[in-house]
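The values are calculated or read from the model by the stated rules, or taken from the named source; none is laboratory data. Everything numeric here is computed off the predicted structure, so don't read it as measured data. Note that each Cβ is placed from the backbone with ideal geometry, even for glycine, and that neighbours are counted across all protein chains shown. Only protein heavy atoms, including side chains, enter the accessible area calculation; ligands, DNA and RNA are left aside. Shrake-Rupley method; radii C 1.70, N 1.55, O 1.52, S 1.80 Å.
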Amino acid sequence: MLVPETPATGDNTLVLALEALAASDYIHSLTLVNEALEQGCSTAAITAEGLTLRGTFKFLTGDTDGARADLEKSVELNPANTQSWVKLASVHMEQGEPPKAFECFEKAAQQNADDPDIYYHRGQVLFI
């Protein structure tokens, strides 16, 4: 994540959330990402990254509606974030909406056709 020269408080807190995630301290990471989003981030792209992380946590804990809301807001703020599109596709599959999942994979590929996660996850969906 590229932090601006004069970061907002939320930017700094999101960096801490990502560091906690890298250290496998998931509960701390979730707490920090929530704080970062409440504090406010300096750019739409940084906010989108925070929403992607929080949406991922929500999805993993079974809150698919909350995950969907965060991931949809993330791609609204930063349509180039292929990870948000891929994760949103997983949410659609979990909610029994395969056509919407494949639309998300297509939108991700339009943003970055070289991102292997798109094809890996789409392959998993096709296998299932």
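Treating the beta-carbon of each Lys and Arg as +1 and of each Asp and Glu as -1, no other charges, what is the dipole magnitude of the chain about its Cα centre, to the nearest 20 debye?
About 260 debye.
Residue by residue through segment 20-32, what is 3J(HN,Hα) from phi via Karplus (6.51 cos²θ - 1.76 cosθ + 1.60, θ = phi - 60°)? Round to whole Hz and write x for glycine and proline. Values, residue by residue: 5, 4, 4, 8, 6, 9, 5, 5, 5, 4, 4, 4, 5 Hz. For the chain, the longest principal axis of the Cα atoms and the long axis of helix 44-60 meet at an angle of about 60 degrees.
Taking a straight Cα-Cα cut-off under 17 Å and skipping sequence neighbours fewer than 8 places away in the same chain, the lysines within cross-link reach of LYS100 are LYS73, LYS87.
Given the Cα-Cα distance of ASP115 and THR61 and 0.36 nm per residue of separation, how much length would full extension add, in nm?
Values: separation 54, 0.36 × 54 = 19.44 nm, distance 2.58 nm.
Taking ASP115 through THR61 to full extension adds about 16.9 nm, to one decimal.
Nonpolar atom fraction for the chain, defined as the carbon and sulfur part of the 1.4 Å probe accessible area, stands at 55 percent.
Residues in the chain average 55 Å² of solvent-accessible surface per residue, probe 1.4 Å, ligands and nucleic acids excluded. Ranking MET1, PRO99, GLN111 by Cα position along the charge dipole of the chain, where only Lys, Arg, Asp and Glu carry charges on their C-beta atoms, puts PRO99 farthest toward the positive end. Only one residue of ALA80, GLY40, THR61 has its Cα farthest out toward the positive end of the dipole of the chain, where Lys and Arg carry +1 and Asp and Glu -1 on Cβ, and that residue is THR61. Between the Cα long axis of helix 98-111 and the first principal axis of the chain there is an angle of about 60°, rounded to the nearest 10.
Taking label positions 7 Å along the Cα-Cβ direction at both ALA69 and ALA44, the computed distance is 2.1 nm, reported to one decimal.
Using heavy atoms of the protein chains and a probe of 1.4 Å, the accessible area assigned to LEU21 is about 60 Å². For VAL3, the accessible surface of its heavy atoms amounts to roughly 50 Å² (probe 1.4 Å, protein chains only, rounded to the nearest 10). For GLY40, the residues 5 or more places off, or on other chains, whose built amide H falls under 5 Å of its own are GLY10.
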